[in-house]
Structures are given as C-alpha cells and as structure tokens.
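First comes the structure, then the notes that go with it.
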Amino acid sequence: MTDIKIFAIVVTYNGSQWISKCINSLLLSNIKLEIIVIDNGSGDNTLDFILSCPQVKLFKSEINLGFGKANNIGIRHALQNDADYIFLLNQDAWVEESTVKNLLDSHIKNPEFGILSPVHHSWDGDKLDWYFLEMISSEKCPGFINDLYFSKQKVLYDCNFIHAACWLISRKCVSDVGLFDPIFPHYGEDNNYFQRAVGKGFRGGICTLAKVFHYGTNKDSKHSKTNNYLRTIQNVVNLTNPNIALLGNLVLLFKNMFYSFFDLIFSRQLNEFFNNWKVFIKTIAFLPKIIKSRKMYKVSTPFL
C-alpha cells in the first residue's frame with residue numbers, strides 16, 4: 001500500500017473561511033497524499049494560505065473555470081504523474097485522518113466501484129448533510145436508510161448518484177471514462193460523470209466507514225434566477241446521459257414543458273410560465289453542444 005499514489009485535488013474560489021480546515025485535514029491524513037489546488041481567480045485571502053503550505057502544488061487560473069474544468073487540470077497532472085487514485089474534495093469540506101484510507105481499503109476489496117464517497121455530514125458534524133439526505137433515499141440508495149435505522153449498516157452501498165464534494169476515483173475509472181465534460185459551466189458535471197462511469201460498467205457507492213464534513217449551501221437559498229439555471233443544467237444532464245436515447249429524452253422534455261406551459265397559462269401563473277419558457281429556450285440552445293458531447297464520449301449514434 002505504500003506504493004499507491006493518491007492525488008487529492010481541491011478547487012478553490014474565495015474560500016478563505018474554509019480552506020485552512022480543508023487543506024490541514026488532508027495534511028493530517030494517515031495515508032500519504034499528493035495535494036493539488038487549482039485556484040479559480042480568488043480575490044480574498046485563499047491564496048495566502050495556499051502559498052504558506054509548501055506541500056501543496058498550486059495551479060492558478062486568472063478566471064473562474066468552474067468546478068469541472070478546474071478539476072480537469074488537476075486530474076491531468078495526477079495522471080501524468082502516475083496517480084493510482086484521485087481524491088476530489090470541495091474547498092468547503094474536510095475529512096478525518098482515516099477517511100481516505102478507509103475509502104482506499106474498501107476499493108481494494110471492491111475494485112468494481114469506480115467512484116466511492118464517504119457519508120456526508122454537516123460542517124460541524126452534528127447532522128447529515130441535507131443534500132446527502134436526498135442521495136440516500138430508498139429509490140436512489142436502496143437499503144441505506146433502513147439499515148441505518150436498525151443499526152445494521154453494510155460497508156458499501158450502491159447509489160444512483162452522489163455529488164462530488166468528496167470522491168475517490170480509481171485510475172481505471174478515469175482512464176476509461178475521461179475527464180469532466182466542459183459542456184457544463186458549473187453544476188451538473190458530477191451528475192454527467194457519474195452517468196458516464198455507470199455506462200462504462202463501473203459502480204458508484206457510499207462507504208459507511210468514511211466521513212466527510214461539508215459546509216454546503218442552504219437548500220432554500222436559491223432564488224428564481226439560480227433555479228432557472230439549475231433547471232436548465234438538469235435538462236442538459238438528462239440529455240447528455242449516454243445510457244439513455246437522446247431522441248426519447250427530447251420527446252419527454254418537449255412533452256413535459258408544453259404540458260406545464262398550458263397548466264401555467266390556465267392557472268394564470270405568468271411569471272412561472274416565462275421562467276419555464278426561458279429554461280426551455282436555454283436548453284434547446286445547448287443541443288449542438290449536447291450532440292458533440294455524446295459523440296466525444298463515444299455514444300455511437302446520439303439519436304439511438
């Protein structure tokens with residue numbers, strides 16, 4: 001195990017309130033990590049702390065590349081330097097000393113998992129992360145909640161998706177699946193990557209022996225403009241899914257959007273009607289990129 005190379009990658013952007021806790025938790029890991037930070041043009045004191053850590057390899061971007069494109073810089077560097085594993089961690093998250101090792105041990109015993117994530121707790125550890133709770137519903141992560149309630153949890157659970165605030169990815173998974181898709185400006189890139197990993201035959205799961213502590217965001221804090229963006233990105237995620245026919249997804253999108261248009265007009269919810277219309281137009285504007293993306297990631301015919 002001493003020969004295994006794990007590169008921890010953290011993307012930063014104005015993260016001064018979290019970054020010392022994040023990086024120090026990686027430095028205290030009980031398994032050696034090569035730490036890479038890609039800074040997306042921070043204007044606060046984030047870089048001051050990073051530059052005070054000689055153990056950290058820093059890549060600086062003058063502009064905000066977003067999550068996926070910035071992580072791709074770190075992933076390329078890791079692969080070029082013979083990484084066996086890549087450990088992605090959000091700047092607003094921190095891990096226990098044993099987190100990475102427990103994930104690694106679980107993967108060695110279960111190599112069919114391309115992506116493993118710990119149990120996500122709130123920053124202070126007093127509760128589970130609210131978004132994580134959505135990921136462990138009975139439909140998305142069968143058995144997790146039931147086993148948690150009866151205190152009989154397994155070490156690993158398959159899940160339909162777990163967000164990339166904290167991922168351990170095997171080299172084989174990255175080699176087969178590729179990098180994050182640059183079609184996504186921000187948000188959605190981890191959903192898309194997970195779908196592509198599943199399409200390549202990998203499993204994704206949650207390791208109950210490992211923990212991460214995530215600051216995250218307030219679930220109710222997103223205003224309508226942000227919600228419109230997130231709804232657009234979710235549509236793009238659905239349409240780029242290589243495991244589902246694009247034509248069928250397009251038909252479903254048109255059907256759902258036009259049904260909602262009629263409902264909102266008849267109920268005189270004009271503001272929501274115009275929001276839906278904006279989402280629809282923005283989604284359609286993505287179509288050329290969606291088709292290019294599906295070809296890039298070896299979906300032989302985008303309409304099958």
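The values are calculated or read from the model by the stated rules, or taken from the named source; none is laboratory data. Everything numeric in this text was worked out from a predicted model, so none of it was measured. Every residue, glycine among them, receives a Cβ derived from its backbone with ideal geometry; neighbour counts consider all protein chains shown.
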Considering 220, 190, which residue is modelled with pLDDT under 85, of a type outside the set (Lys, Arg) and within 28 Å of residue 70 (Cβ to Cβ)?
220
Name the residue that is surrounded by the most Cβ atoms within 10 Å (Cβ to Cβ), counting only residues in segment 101-127 that are in contact with a Ser or Thr (Cβ under 9 Å, 6 or more places away or on another chain) and under 10 Å from residue 212 (Cα atoms).
118
Pairs under 8 Å by beta carbon, first residue surrounded by 12 or more Cβ atoms within 10 Å (Cβ to Cβ) in segment 246-275, partner of a type in the set (Lys, Arg), six or more apart or different chains?
246/294
Inspect all residues belonging to segment 61-74 and state whether any of them is loosely packed, with under 15 Cβ neighbours inside 10 Å, of a type outside the set (Val, Ile, Thr) and out of contact with any Gly (no Cβ under 9 Å at 6 or more places or on another chain).
no
Are any of the residues in segment 182-194 assigned by TED's automatic domain parsing to the domain that holds residue 118 and within 19 Å of residue 213 (Cα to Cα)?
yes
Need pairs with beta-carbon distance below 8 Å; first residue in a strand (DSSP E or B) and within segment 99-113, second hydrophobic (A, V, I, L, M, F, W, C); sequence gap 6+ or separate chains.
113/156; 113/202
Is it true that residue 87 is under 22 Å from the mean Cα position of the chain (by Cα), buried (at least 21 other Cβ atoms within 10 Å of the Cβ) and closer than 16 Å to residue 165 by Cβ?
yes
